[in-house]
Amino acid sequence: MLKLVVLISGGGTNLRALLEASEDAEYPARVVAIGADREADGLALGEEFGIPAFTVPFRGAADRDRWGEELLAQVRFWEPDLVVLSGFMRIVPPVMVDALSPRMINTHPAYLPEFPGAHGVRDALAAGVTQTGASLIVVDDSVDGGPIIAQERVPVHAGDTEQTLHERIKPVERRLLVQAVIDIANGTVNLEDLDA
Ligand code: GAR
């Protein structure tokens, strides 16, 4: 049984997908803690599902390194087998990458290496592409440039807004994430062997 710590900044719909999947006794992972860098709406899922939650606010931290050390300490307390960045909208500090990679993964709403960064959906729309996608990657010291675990194309429709396109991408992200955790747990995917 894989122990997951999931880090969020927003609503936590990907987190919810993992929590709901974990309600099946056969699912090979359990979320042991939820962490956030701010008062994220998704922290409420901790109460709903009875999972401990912690916040290490980025704003107000003495500096990025101190924040990173505190976040790493909070994550490590739970002794996770895998850390999932699920809409975590901060560049992960090097101290965390050094300590946790490759057992730290990130969902991204684009077909990487296309449209990395904080605005993957907006950037795809602005580029006028007819398809974008969803990706799940290993976190390394680049911005969304780590080894790809799984990805899938999603069409862009005429008249899409950032919101309508993101709503089409998110179910794909959730499916990729829930399946990838199974694949990592049973060894079908070996994070140590993936190429960047
Ligand atoms: C997801 O689409 C995730 O891929 C994206 O934020 C959303 C979070 O949704 N992350 C990034 O853009 C990271 N660069 P959620 O909070 O509802 O799971």
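Structure summary
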| read-out | value |
| --- | --- |
| Tabulated pairs, segment 145-170, first exposed (fewer than 14 other Cβ atoms within 10 Å of the Cβ), second part of a helix (DSSP H, G or I) and modelled with pLDDT of 95 or more, C-beta under 9 angstrom, 6+ apart or interchain | Arg153/Val172; Pro155/Arg168; His157/Thr164; His157/Leu165; His157/Arg168; Thr161/Leu125; Gln163/Val121 |
| Residue satisfying all of: in segment 112-169; more than 12 Å from the ligand (Cβ to nearest atom) and among the acidic types (Asp, Glu); farthest from the chain's Cα centre (by Cα) among these | Asp160 |
| Residues within segment 6-55 that are assigned to a loop (DSSP other than H, G, I, E, B), more than 15 Å from the chain's Cα centre (by Cα) and over 19 Å from Ile105 (Cα atoms), tallied | 9 |
| Search result, residues across segment 64-98 that are of a type in the set (Asp, Glu), within 23 Å of Pro147 (Cα to Cα) and either touching a Cys at 6+ places or on another chain (Cβ under 8 Å) or part of a helix (DSSP H, G or I) (or both) | Asp98 |
| Selection status of Glu192, over 23 Å from Val92 (Cβ atoms) and in contact (Cβ under 8 Å) with a residue 40 or more places away in the chain | no |
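The values are calculated or read from the model by the stated rules, or taken from the named source; none is laboratory data. On a predicted model such as this, the values are computed, not experimentally measured, just so you know. Ideal geometry is used to build each Cβ from the backbone, glycine not excepted, and the neighbour counts take in all protein chains shown.
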